[in-house]
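Please treat every number below as a calculation from the coordinates, not as lab data. Computed from a prediction, not measured in an experiment: that's the story for all the values here. Cβ placement follows ideal geometry from the backbone for every residue including glycine, while neighbour counts extend to all protein chains displayed.
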């Protein structure tokens, strides 16, 4: 197994974890949460109930994953992120973290969203509930109206 789990880690019922995972300090995980192999959960993170974190997922810390979130294989998320309920993040998506000039930004992804494979979300962006981001799209600014967004930069599909 060889997991590295900080002594402050708290978890609920029916929690399962794969091998070679790292869970840093002050991480709280709810009930019915599954974490795959080689996952990294950074400090000060909250994972609510019924969340699935696939293998090779990296969450840098300071993040909140609401109930029912699914992070698929190879997802990488920065800090200061909130992902709403029942949102699905497809394999190899990247949700970027601000650089030293952008401190204090929080990236927010609403409830019931879908991020397609290999899509990228810039730091500090808000994606409204019910939005769909197409595969390999780049979200560079707030999405304030539900719909399907595709391309580089992501634009609403008519």
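Across the chain, C-alpha contacts under 8 Å between residues 6 or more apart give a mean separation that, scaled by the residue count, equals a relative contact order of 12 percent.
Taking the number of Cβ atoms within 10 Å of each Cβ as an exposure proxy, the fewest-first ranking of 121, 28 is 28, 121. Taken as Cα centroids, segment 144-158 and segment 101-135 sit 12 Å apart, rounded to the nearest whole angstrom.
For Cα Rg over 2.2 N^0.38 Å, the listed values are [x] 1.27; [y] 1.03; [z] 0.99; which was obtained by calculation from the structure presented? Of the listed options [x] 1.27; [y] 1.03; [z] 0.99, [z] comes from this structure.
Label sites at residue 7 and residue 142, each approximated as a point 7 angstrom past Cα along Cα to Cβ, lie 4.4 nm apart.
Projected over all directions and averaged, the alpha-carbon convex hull of segment 25-106 occupies 4.8 nm².
Highest GNM mean-square fluctuation among 78, 104, 124, for the chain modelled with Cα contacts below 10 Å: 104. Largest mean-square fluctuation among 20, 73, 52, in a Gaussian network model of the chain whose springs join Cα atoms under 10 Å apart, belongs to 20.
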